[in-house]
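Shown next, in structure tokens, is the structure this report addresses.
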Amino acid sequence: MKTLAILGSTGSIGVSTLDIVAAHPERFRVAALTAGRNLDLLEEQIRAFRPEMVAVCDDADAARLGARLGAGAPRILSGRDGLIACAAQSGAHLVVSAIVGAAGLEPTLAAIEAGIDVALANKETLVAAGEVVMGAVARRGIHLIPVDSEHSAIFQSLAGHRRDDVRRLILTASGGPFRDRSAAELARVTPADALAHPNWAMGRKITIDSATMMNKGLEVIEAHWLFDLPAEKIAVHVHPESIVHSMVEYVDGAVIAQLGIPDMKTPIALALSWPERLPLDLPPLDLCRLGRLHFSEPDTERFPCLALAYQALRTGGTAPAALNAANEVAVEAFLDGRLDFMAIPRIIAEVLDRHQPAPADSLAAVLAADAAARDAARSLINSAAGGFR
Ligand code: NAD
Ligand code: MG
């Protein structure tokens, strides 16, 4: 029986994770759950999965949840300390890191420092603090297993091969809902347009990141840290069907890929049960019915976020943390109707230009860069003279 702590249990990845747990009660037990603001769903999950510990954002929500659950309530914690306790002190064998954004960094790092294996969905953790996180992974000797479908595909495609034989990684990208829109059309898209992803049902932030292609940029940086390869050895192919989840090209020209229908349950289940595989009740991949798969180069003119992410990775140090923080602020402003879609990359580019990269070798350095980039992005968005709308 493997015990799990699920950080961000009310989100898209969290809910899919609990679906897998519910289908395999003989394999998994839930020790801890954490959520942001969705108390209704968290209450339902607590009643169904009976964790010993939970964490919510603040004391008021903790009190409200405690009152609703009455005598049978688990230990209910709150805030940053509550999250960190659920990550590091629940006794879980595996922490599923599925909070969105840099808010996931400290609890994920706490789990690693406590010597607990991590199934990582929260890519922002590696983007912002890859050096610190991978240093802790090596020092503590834990397994960091990717949940992101591209990284899970690469993880699987590397198995049984020599790292020295890798020529490059090829990440696939659906291209998002605006793959074929002109620059003029992109300037007019609304949050509702951007939230309608063609292949994947995901949380709001990653859905916007997919529409700008920043998601792929973040994934390039995530791949750099997970697989220890430089930017030049990580390519991106647009693949609208999202069937080939990513590939590894070897020095002899052989390309190993992992394919499947686009459903996050496959990579989540593998991360939960690795190195075993769990039977899943999903429709099989029917390549004959699909007939064709398409691939093309990404267009960084229309999708500048991808180029900005490569730029930040090449700059190194705290630049990716600044990129990530500026992106989080810009995406939130776009979702709130305060920023145009094409202003998202302009804000990030401006924040990166002003950012003075420092070594990203401590959590303090990363958090300082994150905070400074957030401030810079907010003031650019708020300045009427900025011309960013
Ligand atoms: P989501 O928005 O659906 O869920 C996020 C979860 O985190 C929720 O439980 C929410 O309550 C919690 N949360 C949000 N802000 C918080 C905060 N400040 N403090 C504490 N908890 C907070 O997001 P998602 O789509 O499930 O994505 C989660 C992570 O997984 C992201 O980093 C995303 O990039 C990554 N990911 C998601 C998918 C997907 O298909 N959804 C695929 C690959 C990677
Ligand atoms: Mg992905």
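For region 98-108, enumerate the residues that are under 20 Å from Phe28 (Cβ atoms) and within 10 Å of the chain's Cα centre (by Cα).
Correct list: Ala98, Ile99.
Looking only at region 98-111, count every residue that is closer than 16 Å to Pro51 by Cβ and without any contact (Cβ under 8 Å) to a residue 60 or more places away in the chain and tell me the total.
0
Here are some conditions: (1) within 16 Å of ligand 2 (Cβ to nearest atom); (2) closer than 26 Å to Gly36 by Cβ; (3) open to solvent by less than 10 Å² (accessible area, probe 1.4 Å). Ser157 meets all but one. Which one does it not meet?
For Ser157, the failing item is (2).
Could you grab me the full set of residues in region 260-292 that are within 11 Å of Ile243 (Cβ to Cβ) and either touching a His at 6+ places or on another chain (Cβ under 7 Å) or touching a residue at least 60 places away in the same chain (Cβ under 8 Å) (or both)?
Matches in region 260-292: Gly260, Pro262.
Against the conditions (1) in contact (Cβ under 8 Å) with a residue 12 or more places away in the chain; (2) within 14 Å of ligand 1 (Cβ to nearest atom); (3) part of a helix (DSSP H, G or I); (4) more than 14 Å from the chain's Cα centre (by Cα), where does Val95 fall short? Just the number, please.
It is condition (3) that Val95 fails.
Among the residues of region 179-200, is any crowded, with 24+ Cβ neighbours inside 10 Å and within 14 Å of ligand 2 (Cβ to nearest atom)?
No, region 179-200 contains no residue that is crowded, with 24+ Cβ neighbours inside 10 Å and within 14 Å of ligand 2 (Cβ to nearest atom).
Could you please find all residues in region 16-60 being free of Cβ contacts under 8 Å to residues at least 24 places away in the same chain and near ligand 1 (Cβ under 8 Å from one of its atoms)? Break it down into steps so the answer makes sense when it comes.
Filtering region 16-60 for residues free of Cβ contacts under 8 Å to residues at least 24 places away in the same chain gives 25, 40, 44, 47, 57-60.
Across region 16-60, the qualifying residue is only Cys57.
For region 250-277, which residues satisfy the criterion of being open to solvent by 20 Å² or more (accessible area, probe 1.4 Å) and farther than 22 Å from Asn215 by Cβ?
Of everything in region 250-277, those that are open to solvent by 20 Å² or more (accessible area, probe 1.4 Å) and farther than 22 Å from Asn215 by Cβ turn out to be Val251, Asp252, Gly253, Ala254, Val255, Ile256, Trp274, Pro275, Glu276, Arg277.
For Glu241, which of the numbered conditions (1) in a loop (DSSP other than H, G, I, E, B); (2) within 16 Å of ligand 1 (Cβ to nearest atom) fails to hold?
That leaves (2) as the condition not met.
Out of curiosity, is Trp200 within 13 Å of ligand 1 (Cβ to nearest atom), of a type in the set (Phe, Trp, Tyr) and closer than 28 Å to Pro275 by Cβ?
Values: within 13 Å of ligand 1 (Cβ to nearest atom): yes; of a type in the set (Phe, Trp, Tyr): yes; closer than 28 Å to Pro275 by Cβ: yes.
Yes: the conditions hold for Trp200.
Checking Gly82 against (1) part of a helix (DSSP H, G or I); (2) within 16 Å of Ala103 (Cα to Cα); (3) open to solvent by 10 Å² or more (accessible area, probe 1.4 Å): exactly one of these is not met. Which one?
If we test Gly82 against (1) part of a helix (DSSP H, G or I); (2) within 16 Å of Ala103 (Cα to Cα); (3) open to solvent by 10 Å² or more (accessible area, probe 1.4 Å), just (3) comes out false.
Can you tell me which residues in region 271-314 are touching a strand residue (DSSP E or B) at 6+ places or on another chain (Cβ under 7 Å) and not in a loop (DSSP other than H, G, I, E, B)?
Within region 271-314, Ala271, Leu272, Ser296, Leu306 qualify.
Does region 138-147 include one or more residues that are closer than 24 Å to Ser273 by Cα, in contact (Cβ under 8 Å) with a residue 60 or more places away in the chain and open to solvent by 40 Å² or more (accessible area, probe 1.4 Å)? Don't jump to the end; show me each part of the working.
We begin by selecting, within region 138-147, every residue closer than 24 Å to Ser273 by Cα; these are 138-147.
The next check asks that each one be in contact (Cβ under 8 Å) with a residue 60 or more places away in the chain; those that pass are 143-147.
The next check asks that each one be open to solvent by 40 Å² or more (accessible area, probe 1.4 Å); those that pass are 143.
Yes: one or more hits.
Under 9 Å by Cβ, and 6 or more places apart or on different chains, what pairs join a residue from region 226-249 that is without any contact (Cβ under 8 Å) to a residue 12 or more places away in the chain with one that is crowded, with 19+ Cβ neighbours inside 10 Å?
Pro230/His224; Pro230/Leu313
Within region 110-128, can you find the residues that are open to solvent by 10 Å² or more (accessible area, probe 1.4 Å) and small (Gly, Ala, Ser)?
The answer is Ala110, Ala114, Gly115, Ala121.
The values are calculated or read from the model by the stated rules, or taken from the named source; none is laboratory data. It should be emphasised that the depicted structure is a prediction, and the values quoted were computed from it without experimental measurement. Positions of Cβ are backbone-derived with ideal geometry, glycine not excepted, and every protein chain shown enters the neighbour counts. Ligands, DNA and RNA are stripped out before the accessible areas are found, and what is left, the full protein with its side chains, is counted by its heavy atoms. Shrake-Rupley method; radii C 1.70, N 1.55, O 1.52, S 1.80 Å.
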